[in-house]
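Enquirer: This is the structure, below, for whatever I ask next.
What follows draws every value from the coordinates through simple rules; no lab data is involved. Computed from a predicted model, the values in this text were never measured in an experiment. Because the Cβ atoms are built from the backbone with ideal geometry, glycine has one as well, and the counts that use them run over all protein chains shown.
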Amino acid sequence: MGNDNLQNSCAGLLKVLADETRLSVVRQLLDEPKHVNEINEALQLEQSLLSHHLRSLRDAGIVCAERDGKAVLYSLAPEYRGDPNVEAIDLGCCQISFNS
């Protein structure tokens, strides 16, 4: 399987999400889009480390980024949004639920 196929497969998505920090970033974006500084306020990471994780999530297509003036606004990709009443993401092949 080529790298593109792996990245778009369930296994590829799960591999990207296997990192606790990336899961924390995704959880921050479940309710609404957020600017990088808002995500960083909640997670308290080094800016370079947060940027690395956001880039990995963007490259996998799990999050989307759009320029908002001088800032960047991140959101969960629409195809992975699940039921708004459940704190979870839907990967199509499976669902990842965040329990409080």
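Enquirer: Extending each Cα 7 Å along its Cβ direction at Asp83 and Ser24, get the distance between those two points in nm, one decimal.
Expert: Spacing of the two 7 Å Cα→Cβ label points: 2.8 nm.
Enquirer: Any idea what the alpha-carbon Rg over 2.2 N^0.38 Å comes to for the chain?
Expert: 1.04
Enquirer: Over segment 1-91, what is the relative contact order in whole percent, taking alpha-carbon pairs under 8 Å and six or more residues apart?
Expert: Result for segment 1-91 is 29 percent.
Enquirer: Would you mind telling me which residue in Leu54, Leu17, Leu43 has the biggest mean-square fluctuation in a Gaussian network model of the chain, where springs connect alpha carbons within a distance under 10 angstrom?
Expert: Leu43
Enquirer: To continue, here is another question. Please identify every one of the trypsin sites (Lys or Arg not before Pro) in segment 21-96 that sits in a loop by DSSP and has no more than 12 other beta carbons within 10 Å of its own beta carbon. Please list the in-between numbers first.
Expert: Working: sites: Arg22, Arg27, Lys34, Arg55, Arg58, Arg67, Lys70, Arg81; in loops: Lys70.
Here the trypsin sites (Lys or Arg not before Pro) that fit, given the DSSP loop and packing criteria, are Lys70.
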